[in-house]
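Structure first, commentary second.
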Amino acid sequence: MDCPSSETIGMEALDQNNSVNDSECIPPLSSSEVGTYRVSLDLQQEQDQQPHDAMTVVTSSPVPSEIVEQPSTTTATTRTATAFQCSRRSSGSVCICVSCEADRDRLFQRKRTTTTSAEAKDSIEILGSSSKKKRRTIATAFSQHHDVSSSSNDTSSADSSKGGSDSVTVSNASSSMMTEDERIAKMSSACRTILECIGEDPNREGLLETPNRWAKSLLFMCHGYQQTSEDVVNGAVFSENHDEMVVVRNIDIHSLCEHHMVPFTGRVHIGYIPNGQVVGLSKLARIAEVYARRLQVQERLTRQIADAVVETVQPLGVAVVVECTHLCMIMRGVQKTSAVTTTSSVRGIFKSNPKTRAEFFAILNGSARPC
């Protein structure tokens with residue numbers, strides 16, 4: 001591409017800025033751009049100090065692809081090139097000078113920042129509104145639940161056993177208000193439905209009294225919900241200066257698996273070291289019975305018995321071992337008839353002193369009859 005002559009650029013520019021480097025290639029100007037160029041020279045100082053306010057959109061006059069910016073050798077040449085390029089932008093063409101590029105970068109950044117801030121603000125408002133709605137919904141639900149729970153607690157009895165956090169509520173308000181006959185009638189009706197669902201005829205001779213018998217037997221197998229360890233101990237705690245181990249082993253228990261409501265049976269071994277008080281030996285068996293006569297899992301049953309003994313006599317330590325066979329593993333599922341599950345729970349000195357704990361397990365291994 002041929003470089004434009006001095007006449008084409010304009011003599012005024014050459015006189016003011018001395019000369020233009022012949023090595024720089026400047027694209028030819030149109031007749032309208034020559035006038036703009038002269039005005040731009042007068043406003044050059046102001047344009048150098050003030051950034052452009054907006055970016056120019058590309059028009060039908062494209063920038064020649066051959067333009068390659070060369071390093072300026074003098075300040076005057078740089079100022080002339082800048083003025084010329086900015087004048088092209090003001091006339092509707094794209095300017096590629098460093099100043100305009102910086103302006104465009106700042107404009108894009110400002111636009112992105114503004115857009116991002118607006119979107120973030122909208123998102124925060126949406127989330128805040130959603131959170132408020134959720135909080136109101138949760139608060140309303142909690143208030144309703146609290147009101148229902150309060151009314152239920154006023155009319156229902158609870159298991160006040162000292163077995164710790166594993167205490168189980170005896171029944172809800174409606175069942176606690178029912179008499180035993182009403183419970184049996186309701187359970188018998190449910191049993192008839194079950195018999196029909198499994199394909200039996202509840203009206204045939206052998207099943208006429210089955211719903212009633214089943215209801216009574218289930219109430220008996222779950223009568224632990226109506227008792228507490230404090231009830232069955234009945235104050236049978238005595239002062240005694242005895243600090244050696246007391247072990248009651250082979251206490252038979254029968255319980256119901258809470259997962260399938262089928263029985264698991266076995267034995268409990270209880271040992272404790274008194275701390276100035278002893279409890280009647282039969283009371284240890286009664287404590288085990290209270291928690292066994294509920295819907296249970298063996299792990300929780302073991303822990304509840306240990307905690308109840310601790311609350312009853314405040315001993316130096318307690319150890320409980322439970323050995324059971326579960327019909328849910330024998331009659332169904334894996335059907336392993338010889339499987340025996342053993343669980344243990346230790347408190348106090350039995351937990352902190354390995355020798356004491358070893359003595360307890362040695363007594364069980366040497367004396368307890370197998371399941």
Check: What is the one condition in (1) surrounded by 15 or more Cβ atoms within 10 Å (Cβ to Cβ); (2) of a type outside the set (Ser, Thr, Tyr); (3) closer than 26 Å to Pro354 by Cβ that Glu244 does not satisfy?
Finding: (1)
Check: Do any helices (runs of 4 or more DSSP H) entirely within the stretch 281-354 hold 1 or more residues that are basic (Lys, Arg) and open to solvent by 30 Å² or more (accessible area, probe 1.4 Å), and if so, which?
Finding: 281-292, 298-313, 349-352
Check: Within the stretch 358-365, is there a residue that is charged (D, E, K, R) and over 26 Å from Gln227 (Cα atoms)?
Finding: yes
Next item on the list: Kindly list the number of the only condition in (1) outside any strand (DSSP E or B); (2) open to solvent by 80 Å² or more (accessible area, probe 1.4 Å) that fails for Leu218.
Entry: (2)
Next item on the list: Scan (1) assigned to a loop (DSSP other than H, G, I, E, B); (2) at pLDDT 95 or above; (3) surrounded by 13 or more Cβ atoms within 10 Å (Cβ to Cβ); (4) not hydroxyl-bearing (Ser, Thr, Tyr) for the single condition Val170 breaks and write down its number.
Entry: (2)
Next item on the list: Determine which member of the set Gly271, Gly266 is outside any helix (DSSP H, G or I), open to solvent by less than 10 Å² (accessible area, probe 1.4 Å) and farther than 16 Å from Gln227 by Cβ.
Entry: Gly271
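Are any residues in the stretch 282-318 of a type in the set (A, V, I, L, M) and out of contact with any strand residue (DSSP E or B) (no Cβ under 6 Å at 6 or more places or on another chain), and if so, which ones?
Ile287, Val290, Val297, Leu301, Ala308
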Notebook entry, point to check: When the stretch 179-233 is examined, which residues are found to be free of Cβ contacts under 8 Å to residues at least 24 places away in the same chain and polar (S, T, N, Q)?
Noted result: Thr179, Ser189, Thr193, Asn203, Thr210, Ser217
Notebook entry, point to check: Looking only at the stretch 204-224, which residues are in contact with a Lys or Arg (Cβ under 9 Å, 6 or more places away or on another chain) and over 14 Å from Glu180 (Cα atoms)?
Noted result: Leu207, Thr210, Pro211, Met221, Gly224
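The values are calculated or read from the model by the stated rules, or taken from the named source; none is laboratory data. Please read these numbers as outputs of a predicted model, since none were measured by experiment. Backbone-built Cβ (ideal geometry, glycine too); neighbour counts: all protein chains shown. Accessible surface areas use protein heavy atoms only, side chains included; no ligands, DNA or RNA. Shrake-Rupley method; radii C 1.70, N 1.55, O 1.52, S 1.80 Å.
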